[in-house]
Amino acid sequence: MLLDKIRQTINKYKMLRAGDKVVVGVSGGPDSVVLLDMLRQLSKEMNLSLYVAHLNHKLRGQEAEQDAQFVKKLAAKFDLPFTVKAADVAALARRHKMTLEEAARQKRYEFFEKAALKNKAGKIAVGHNADDEVETVMMWLLRGAGRTGLAGIPPVRKISPSGLTIIRPLIEVHRQEIKAYLKKHRLASRLDSSNLSPLFMRNKIRLKLLPMLRKEYSPNFDALILQTAGILREENEWLDKEVDKALKRLISRRLDWKISIDLNRLLRYNTGLQRQIIRRLVFLVSSGQVSLDYRKVEEIIGLVVAGKTNRRVILPGGLAVKKSYGLLEVTAGKETPRAKEAFSCKLKIPGTTNIKCLSLIIKTAVFDRPVNFRYSRSKFTAHLDRQKIRLPLVVRTRREGDRINPLGMRGYKKIKDIFIDNKIPPEKRADIPLIVSGDEVIWVTGYPAWREQISDRAKVTPETKKILEIRLIPKNR
């Protein structure tokens with residue numbers, strides 16, 4: 001029974017727990033329809049909350065519009081909340097010189113991530129199956145890949161820096177099983193005509209290369225590829241732990257926008273491990289937004305081994321790797337928070353404070369607590385308990401070590417981690433004002449999720465008598 005097989009996969013990889021909130025990516029194709037149906041059945045026994053998400057890539061005209069309508073009706077049939085949006089993937093591909101496949105994938109996961117954050121879901125379920133994994137391994141092999149590419153599609157993957165988890169409950173299910181399930185249960189699905197186009201590399205592999213390999217070389221070809229990918233995934237998990245251990249020994253200085261490591265110690269490691277360390281450093285400094293191809297990694301290895309001091313390798317996304325005296329430095333480019341002018345000034349309470357360097361006005365007011373008080377969810381407004389706050393209040397830029405006790409949490413969280421979680425680029429973090437009482441941050445303004453903005457120590461409670469309202473008004477609004 002297909003549901004039992006999928007249940008085993010979920011348990012094997014610890015994909016879901018009782019009470020999870022899950023955004024389900026539904027294209028309308030066979031895989032995603034079966035995925036949604038399976039999770040809908042499992043939701044009853046696991047108390048799952050499901051949200052359907054569909055992105056129209058605007059690549060197939062009326063056919064794509066019909067896909068979106070199909071998904072809306074499917075979600076309504078299952079009585080599930082849904083969000084359907086459109087994105088100009090072709091324009092993104094032209095602008096950034098990406099393939100349509102790469103641009104579509106990027107937009108799709110950005111959309112899923114936003115939907116998950118909006119619905120406070122921790123998991124994103126997508127419909128990749130075992131045949132997709134075979135095709136992916138072959139595609140990476142033909143492009144030239146290392147362990148990560150040849151390990152195929154991970155059943156579970158954490159998205160950094162948001163902390164959300166992508167799960168693939170169908171990853172051990174073959175396409176024929178999915179088609180048989182649809183037929184048996186008379187479930188309708190949509191056919192994506194682009195899957196038949198020979199213009200896409202994945203389609204060429206699916207329609208031409210794999211059938212030839214199965215026929216001419218081995219009828220068990222798929223099973224062998226999946227076995228190899230599984231072995232490499234397990235070995236990659238071990239290698240990741242070794243990279244973590246090495247970084248603890250290597251890092252001499254770490255800031256939001258820069259990491260420096262001991263060059264002499266790096267040279268003691270095997271070249272293969274050096275490559276993985278370099279990839280991880282770039283991943284950390286870019287908050288997961290930049291990954292390196294083989295050519296760039298080898299250019300950095302050349303700098304490490306034989307490059308002259310103060311030489312640089314320029315990377316995508318404004319990053320750079322520099323060889324300094326005894327150090328290898330990965331930085332977020334020329335514009336760094338250090339280059340920004342720090343500011344700090346007292347707030348007028350009540351009154352208006354003009355922050356010229358940020359083109360920002362801050363207005364404050366104090367009033368009696370209303371009977372039916374509700375927090376503002378605007379990222380530009382905060383409501384705090386006036387009696388819990390020690391004056392003066394100061395508005396300033398972030399300093400190393402700053403932290404906040406977020407609303408609803410017992411402990412503290414570093415401001416740096418809040419910025420990373422909310423994907424604030426390193427070069428923009430110095431522009432985000434903090435409201436501070438003494439040495440304690442009580443409001444992180446503007447960008448992060450509203451519950452992480454306000455200090456639990458200054459929250460409004462039923463016992464609150466006076467409320468302090470702080471409003472940010474950008475001058476260009």
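Is it fair to say G163 is under 24 Å from the mean Cα position of the chain (by Cα) and more than 30 Å from D417 (Cβ to Cβ)? So G163 does not fit the description; no.
Residue-by-condition table, conditions (1) assigned to a helix (DSSP H, G or I); (2) touching a strand residue (DSSP E or B) at 6+ places or on another chain (Cβ under 7 Å); (3) free of Cβ contacts under 8 Å to residues at least 12 places away in the same chain; (4) of a type outside the set (D, E):
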| residue | (1), (2), (3), (4) |
| --- | --- |
| D222 | yes, no, no, no |
| E235 | yes, no, no, no |
| E242 | yes, no, no, no |
| R249 | yes, no, no, yes |
| S252 | no, yes, no, yes |
| I259 | no, yes, no, yes |
| R268 | no, no, yes, yes |
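Restricting S291, S287 to residues that are modelled with pLDDT under 85, of a type in the set (S, T, Y), buried (at least 16 other Cβ atoms within 10 Å of the Cβ) and not in a helix (DSSP H, G or I) narrows the list to S287.
Within region 346-359, residues that are polar (S, T, N, Q) reach partners that are in a loop (DSSP other than H, G, I, E, B) and surrounded by fewer than 12 Cβ atoms within 10 Å (Cβ to Cβ) with beta carbons closer than 8 Å, at six or more positions or on different chains, in the pairs S359/K475; S359/N476. Contact annotation: residue pairs with Cβ atoms under 7 Å, 6 or more positions apart or on different chains, pairing a residue in region 34-53 that is assigned by TED's automatic domain parsing to the domain that holds L187 with a partner that is among the polar types (S, T, N, Q) and outside any helix (DSSP H, G or I), are Y51/N119; A53/T83.
Taking the criterion of being within 21 Å of L187 (Cα to Cα) and either outside any loop (DSSP other than H, G, I, E, B) or modelled with pLDDT of 95 or more (or both), the residues of region 1-22 that qualify are L2, L3, D4, K5, I6, R7.
Scanning region 1-47 for residues that are touching a strand residue (DSSP E or B) at 6+ places or on another chain (Cβ under 7 Å) and either aromatic (F, W, Y) or surrounded by fewer than 21 Cβ atoms within 10 Å (Cβ to Cβ) (or both) returns Y13, D20, K21, R40, S43. Selection within region 370-399: residues that are in contact with a strand residue (DSSP E or B) (Cβ under 8 Å, 6 or more places away or on another chain) and of a type in the set (V, I, T). The member of this set that is surrounded by the fewest Cβ atoms within 10 Å (Cβ to Cβ) is V394. Does region 199-210 contain at least one residue that is more than 30 Å from L292 (Cβ to Cβ) and surrounded by fewer than 18 Cβ atoms within 10 Å (Cβ to Cβ)? Among the residues of region 199-210, at least one is more than 30 Å from L292 (Cβ to Cβ) and surrounded by fewer than 18 Cβ atoms within 10 Å (Cβ to Cβ), which makes the answer yes.
In the condition set (1) under 20 Å from F82 (Cβ atoms); (2) of a type in the set (S, T, N, Q); (3) crowded, with 21+ Cβ neighbours inside 10 Å, N119 is compliant with all but (3).
Residue-level check: of (1) in a loop (DSSP other than H, G, I, E, B); (2) of a type in the set (D, E, K, R); (3) out of contact with any Ser or Thr (no Cβ under 9 Å at 6 or more places or on another chain), K184 misses just (1). Residue check: is F70 under 14 Å from R190 (Cβ atoms) and either in the same structural domain as L117 (by TED's automatic domain parsing) or hydroxyl-bearing (S, T, Y) (or both)? Considered against the rule, which asks whether it is under 14 Å from R190 (Cβ atoms) and either in the same structural domain as L117 (by TED's automatic domain parsing) or hydroxyl-bearing (S, T, Y) (or both), F70 comes out as yes.
When each of L384, L327 is tested for being within 23 Å of I467 (Cα to Cα) and either not small (G, A, S) or not assigned by TED's automatic domain parsing to the domain that holds I467 (or both), the lone residue that passes is L384.
When the residues of region 400-426 are filtered to those that are modelled with pLDDT of 85 or more and either among the basic types (K, R) or not assigned by TED's automatic domain parsing to the domain that holds I355 (or both), the one that is surrounded by the fewest Cβ atoms within 10 Å (Cβ to Cβ) is K414.
The values are calculated or read from the model by the stated rules, or taken from the named source; none is laboratory data. These figures come from a predicted structure and were not determined experimentally. Positions of Cβ are generated from backbone atoms using ideal geometry, with glycine treated the same way; all protein chains shown enter the neighbour counts.
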